[in-house]
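Remarks on the structure that follows.
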Amino acid sequence: MGKRDPRQPRGKMSSYAFFVQNSREEHKKKHPDSSVDFSEFSKQCSERWKAMTPKDKGKFEDLAKNDKVRYDREMRNYNPPKGDKKKKKDPNAPKRPPSAFFIFCSDHRPRIRGENPGISIGDVTKKMGELWSGLTAKDKKPYEERGAQLKEKYEKEVAAYRARCKNETCKKPPPKQVQVAKKRKQDDDDDDDDDDEEEEDEEEEEEDDDDEE
């Protein structure tokens with residue numbers, strides 16, 4: 001996953017995200033010294049939100065509308081940097097570690113799916129984003145610490161990988177040359193078919209990884 005542009009506008013929040021944030025602040029005022037079981041807290045928020053009347057939800061929907069106006073305005077004035085052409089990754093290179101948010105998703109995704117049978121992947125991701133937005137810095141800290149540990153491990157693996165590549169001269173294999181003999185050409189075609197199948201398998205694995213993240 002690419003590095004986020006620090007100039008990019010903050011994403012817009014949904015009405016439910018504002019509700020969770022407000023509930024968290026109220027809980028903190030009433031119980032300033034008590035820790036929060038986030039799993040139980042988020043479940044209670046979900047149940048309260050479902051039971052709320054449209055009138056009660058109104059103020060949070062207004063906040064979401066105003067935030068969308070803010071986001072749309074900032075996005076109109078935002079020019080994203082031109083990214084470099086994506087390079088094909090070495091399958092042997094260390095895999096980039098998940099962020100604190102993705103670790104949070106891995107921990108809570110099963111519960112979200114269990115509470116919402118038949119929910120789509122997109123809606124799961126949206127709901128996870130709303131829950132994450134409602135967390136305080138203290139609640140996010142355990143996930144950020146786990147993310148930092150995985151990042152440190154990744155950086156060590158990258159250093160070892162680069163050192164190994166320097167010693168072994170990691171280079172892409174030269175392109176196949178056209179052969180005159182029909183038999184060799186057929187062999188090359190068969191090899192290409194195998195390569196295509198392997199690339200498709202890798203793409204499917206990457207898609208599965210993305211779904212999990």
For this session: Looking at (1) modelled with pLDDT of 90 or more; (2) in contact with a helix residue (DSSP H, G or I) (Cβ under 9 Å, 6 or more places away or on another chain); (3) surrounded by 12 or more Cβ atoms within 10 Å (Cβ to Cβ), find the lone condition where Arg70 falls short.
Result: (2)
For this session: Please find, among Arg10, Arg113, Arg96, the residue that is within 23 Å of the chain's Cα centre (by Cα), surrounded by fewer than 11 Cβ atoms within 10 Å (Cβ to Cβ) and either of a type outside the set (A, V, I, L, M, F, W, C) or not in a helix (DSSP H, G or I) (or both).
Result: Arg10
Problem set entry | Top-ranked residue of region 20-44 - restricted to ones that are exposed (fewer than 11 other Cβ atoms within 10 Å of the Cβ) and more than 27 Å from the chain's Cα centre (by Cα), ranked as nearest to Gly129 (Cα to Cα) | Glu26
Problem set entry | Set Ala17, Ala64: member being part of a helix (DSSP H, G or I), farther than 19 Å from Lys140 by Cβ and within 23 Å of the chain's Cα centre (by Cα) | Ala64
Seminar exercise, completed: The correct count of residues that are outside any helix (DSSP H, G or I) and either buried (at least 16 other Cβ atoms within 10 Å of the Cβ) or free of Cβ contacts under 8 Å to residues at least 12 places away in the same chain (or both) in region 122-140 is 2
Exercise. From the list Tyr143, Tyr161, which residue is of a type in the set (Ser, Thr, Tyr), surrounded by 12 or more Cβ atoms within 10 Å (Cβ to Cβ) and within 20 Å of the chain's Cα centre (by Cα)?
Worked result: Tyr143
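So that you can scan it fast, the table gives a plain yes or no per residue for (1) of a type outside the set (D, E, K, R); (2) at pLDDT 85 or above:
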site	(1), (2)
Pro9	yes, yes
Lys29	no, yes
Pro32	yes, no
Phe38	yes, no
Thr53	yes, yes
Glu61	no, yes
For this session: With respect to Asp56, determine if the residue is part of a helix (DSSP H, G or I), among the acidic types (Asp, Glu) and without any contact (Cβ under 8 Å) to a residue 12 or more places away in the chain.
Result: yes
Exercise. Within region 77-86, is there a residue that is closer than 22 Å to Arg109 by Cα and either touching a strand residue (DSSP E or B) at 6+ places or on another chain (Cβ under 8 Å) or surrounded by 10 or more Cβ atoms within 10 Å (Cβ to Cβ) (or both)?
Worked result: no
Exercise. Out of all the residues in region 45-60, which are surrounded by 13 or more Cβ atoms within 10 Å (Cβ to Cβ) and closer than 18 Å to Ile112 by Cα?
Worked result: Cys45, Ser46, Arg48, Trp49
Problem set entry | Sole exception among (1) in contact with a helix residue (DSSP H, G or I) (Cβ under 8 Å, 6 or more places away or on another chain); (2) farther than 22 Å from Phe104 by Cβ for Ser42, by number | (2)
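The values are calculated or read from the model by the stated rules, or taken from the named source; none is laboratory data. What you see is a predicted model, and the numbers here were worked out from it, not measured in a lab. Cβ sites come from the backbone with ideal geometry, for glycine too, and all protein chains shown count toward neighbours.
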